[in-house]
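Okay, so here's the structure we're looking at.
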Amino acid sequence: MRNFALCYINGRPHEITGDQAFMTVAEYLRYEKGLTGTKVVCSEGDCGACTILVSRFSSGAMGEYKSINSCISFMYLLDRCHIVTVEGLKQENHIHEAQQKMLDSHGAQCGFCTPGFICAMAGMAEDLKISGKPITEQKVKNYLTGNLCRCTGYSPIIEAGKSIDLTKVKILGNVFNDKNIAQTFTDLKDTSLLIESKGREAFLPGTLNEVVEYKTKNKKCSVTSGATDLGVQLNKGHSVQGKILSLNNLTEAYEILDTEKALEIGAKASLTDIEKKCEKSFPEFSQMLHLFASPQIKNKGTLVGNIVNASPIADTIPFLMVAGAELDIVSDSGKRTVDINDFYQPGYKKLDLKDDELVSKVSIPKTSGQFKLYKVSVRKDLDISTVTFAAKYEIENNKFKSIDIAFGGVGPKVLKVSGVSNTALGQTLSADLFSKLADDVISEVTPMSDHRGSKEFRFKLCQNLLLKFGKEIMNKALV
Ligand SMILES: Cc1cc2nc3c(=O)[nH]c(=O)nc-3n(C[C@H](O)[C@H](O)[C@H](O)COP(=O)(O)OP(=O)(O)OC[C@H]3O[C@@H](n4cnc5c(N)ncnc54)[C@H](O)[C@@H]3O)c2cc1C
Ligand code: FES
Ligand code: FES
């Protein structure tokens, strides 16, 4: 069993053990390594000042470099990773093309946000160069949704991103000789990692058996996936680090299998990878994930984390409910499969998940039917929803042959409105029908007032989303 995490930073290996393993990546870089180009402003994944690039070792090779928020990630999670900070982007006498273009476009004033923007842009350049896609203004805006600037104004920053010449961008894997880095990780004897310090313990097993064994012995340990929820809770002092279990070093946990019958998503698959994989099989869900958080959050956050965090406004749950997704839950007693609709028990964050269990996989069945998914939030990008809507339906002879509707943000948990769905079943599509559904929905949802919207506003949103759904599918039926 290894008692240190091994990671590379800007091409150099570092062994991390004891206290250091429990530091946020931003703290470690700044206070232990003096890499102060990485800034910390919000400490909750919202501003992007702490953006770094990370490549993960898997199956003998290094993966692509992706941007993440280092303020809500922990060093133990970056075992067998290569971190590139803003300092590492400069090679010999050449600054990175993203750095050059920020200079040329006068993209900085106080400069505090600048390293984060540069790392996010370098991540974009890396992605687009590898996928052979051109840079467009929309793409620049998409890749920069996780970065905020208080002084410069976004025009020069977007201009900098747009003017990046991809032919001048060197793939980081070549700059840093990823093959050598991967070889060092391959040579590590133990995949499993256990680090202890001051009553804290982080266990990253290399096999599912070890995972299950540990969870059986340490029922109250906290399971960490991407830590985009947990990291914020820790930084805000809402929870403390104790015993931590993560599937981080389990290769199969990152797999996404696209079979004839279902899309099977491992517990550690990132939301970015899922968004890409869903483009063909579940395009509406892929589009919904496009609006989810920012690239930095999606490169680390997982679907399983979203599901188990069980927020009533989680973006993915309404879709998964109407799609009839199934969860594989593992423990010492073996594996059981649970319909996501039975996973959420009455009340706030009450789950059919015992202390000795964890979720290993999500399967989304490929059954017939179409989807409509809506997210209403105060801001379009990087915002948590006020109300979400998901419908799965089939239409035959202008009537609903099947229909299933769910709302998020309307009570203590995401809710299927079965009364509304039953009323619609078998009915002819008409403006009157959707008006009735909009009237009826009021008696099924129990929204509350908070800073995102009043109870009355949420009632209105539910009604209007049903009317919008009706209009859109009736228009489609006419085409
Ligand atoms: C800036 C920001 C923006 C965000 N935007 C959105 C948004 O637009 N929409 C949205 O829905 N959410 C959003 N989130 C919330 C968060 O990113 C998601 O909920 C994400 O999917 C969590 O995944 P994770 O892997 O990071 O989970 P983690 O933080 O690692 O874990 C979350 C919970 O799941 C549990 N858990 C994790 N893995 C397992 C497992 N295998 N078995 C059992 N339990 C497990 C953990 O113990 C914890 O309770 C945002 C968060 C931030 C910080
Ligand atoms: S410091 Fe704001 S996202 Fe990390
Ligand atoms: S240049 Fe000051 S915050 Fe962006």
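The values are calculated or read from the model by the stated rules, or taken from the named source; none is laboratory data. As the structure is a prediction and not an experimental result, all values here were calculated from the model. All Cβ positions, glycine included, derive from the backbone under ideal geometry; neighbour counts span all protein chains shown. Accessible surface is based on the protein model in full, side chains and every heavy atom, while ligands, DNA and RNA are left aside. Shrake-Rupley method; radii C 1.70, N 1.55, O 1.52, S 1.80 Å.
Which loop-located trypsin sites (Lys or Arg not before Pro) does the stretch 55-93 contain, where loop means any DSSP state but H, G, I, E or B and the Cβ has at most 16 other Cβ atoms within 10 Å?
Lys90
Among the trypsin sites (Lys or Arg not before Pro) in the stretch 330-412, which ones are in a DSSP loop with at most 11 other Cβ atoms within 10 Å of the Cβ? Mind listing them? Let's see the in-between values first.
Working: sites: Lys335, Arg336, Lys349, Lys350, Lys354, Lys361, Lys366, Lys372, Lys375, Arg379, Lys380, Lys392, Lys399, Lys401; in loops: Lys349, Lys350, Lys354, Lys366, Arg379, Lys380.
In loop regions of the stretch 330-412 (DSSP not H, G, I, E or B), the sparsely surrounded trypsin sites (Lys or Arg not before Pro) are Arg379, Lys380.
Using a cut-off of 12 Å between beta-carbons, work out the net charge of the residues near Asp404 (Lys and Arg +1, Asp and Glu -1, Asp404 not included).
+3
If you put +1 on each Lys and Arg Cβ and -1 on each Asp and Glu Cβ, how big is the dipole of the stretch 92-169 around its Cα centre, in Debye rounded to 20?
Numbers: 8 positive and 8 negative charges, 45 e Å.
Magnitude of the dipole: close to 220 debye.
Over the Cα atoms, compute the radius of gyration (one decimal) and Dmax (the largest Cα-Cα distance, rounded to a whole number) for the stretch 1-118, in Å.
Cα-based Rg and Dmax for the stretch 1-118 come out at 14.5, 50 Å.
For Glu44, what charge total do you get from the other residues with a beta carbon under 13 Å from its beta carbon, if Lys and Arg give +1 and Asp and Glu give -1?
Around Glu44, the charge tally is -1.
Please figure out what share of the DSSP beta bridges in the chain is antiparallel and state it in percent, rounded to the nearest 5.
85
Over the chain, average the accessible area per residue using a 1.4 Å probe and give it in Å², no decimals.
Solvent-accessible surface per residue comes out at 43 Å².
Given a cut-off of 15 Å, what percent of all Cα-Cα pairs of the stretch 92-169 lie beyond it?
For the stretch 92-169, the fraction of Cα-Cα distances above 15 Å is 48 percent.
Which percent of the accessible area of the chain is formed by carbon and sulfur heavy atoms (probe 1.4 angstrom)?
Working: 10390 of 20720 Å².
The nonpolar share, carbon plus sulfur, comes to 50 percent.
Whole angstrom only: what separates the Cα centroid of the stretch 400-445 from the Cα centroid of the stretch 328-351?
Between the Cα centre of the stretch 400-445 and that of the stretch 328-351, the gap is 25 Å.
With no solvent and one equal point scatterer placed on each C-alpha of the chain, evaluate the Debye formula and give log10 I(q)/I(0) for q = 0.06, 0.09 Å⁻¹, two decimals.
-0.28, -0.64
For Arg379 and Ser443 in one chain, what is 0.36 nm times their gap in residues minus the Cα-Cα distance, to one decimal in nm?
Residue separation times 0.36 nm, minus the Cα-Cα distance, leaves 20.2 nm.
Grab the other residues whose beta carbon is less than 14 angstrom from that of Met448, score K and R as +1, D and E as -1, and report the net.
That works out to +2.
At 25 °C and 0.890 mPa s, what whole-number value in µm²/s does Stokes-Einstein give for the translational diffusion of the stretch 319-422, with Rh from the Kirkwood sum over Cα pairs?
Details: Rh = 15.4 Å.
My calculation gives 160 µm²/s for D.
So what are the three principal axis dimensions of the stretch 370-478 from its Cα atoms, in whole Å, longest to shortest?
43, 29, 20
How large is the convex hull of the C-alpha atoms of the stretch 251-365 per residue, in Å³? Please list the in-between numbers first.
Numbers: hull volume 12.0 nm³, N = 115.
Hull volume normalised by residue count: 104 Å³.
Along the stretch 221-234, what does the Karplus equation 6.51 cos²θ - 1.76 cosθ + 1.60 (θ = phi - 60°) give for ³J(HN,Hα), rounded to whole Hz, x for Gly and Pro?
For the stretch 221-234, the Karplus-derived couplings read 5, 9, 8, 10, 9, x, 6, 6, 8, 4, x, 5, 4, 5 Hz, x marking Gly and Pro.
With 31 Å as the limit, write out which pairs from Lys33/Lys101; Lys354/Lys399; Lys162/Lys361 have Cα-Cα distances beyond it, or answer none.
Over 31 Å apart, Cα to Cα: Lys354/Lys399; Lys162/Lys361.
Could you tell me how far the Cα centroid of the stretch 221-251 sits from the Cα centroid of the stretch 279-294, in Å?
25
Using alpha carbons only, how many degrees (0 to 90, rounded to 10) separate the axis of helix 271-281 from the longest principal axis of the chain?
In the chain, helix 271-281 runs at an angle near 50 degrees to the longest axis.
Run the helix sum for the chain: -39,500 (n - 2.57) per DSSP H stretch of 4+ residues, divided by residue count, reported at 222 nm to the nearest 500 deg cm²/dmol.
Result for the chain: -9000 deg cm²/dmol, rounded to the nearest 500.
Restricting to DSSP loop positions (anything but H, G, I, E, B) with no more than 11 other Cβ atoms inside 10 Å of their own Cβ, which GluC sites (Glu not before Pro) remain in the stretch 167-269? Walk me through the numbers on the way to the answer.
Numbers: sites: Glu196, Glu201, Glu210, Glu213, Glu252, Glu255, Glu260, Glu264; in loops: Glu255, Glu260.
Listed in order of number, the matching sites are Glu260.
Between the stretch 103-176 and the stretch 1-52, what is the C-alpha centre distance in whole Å?
Cα centres, the stretch 103-176 to the stretch 1-52: 22 Å.
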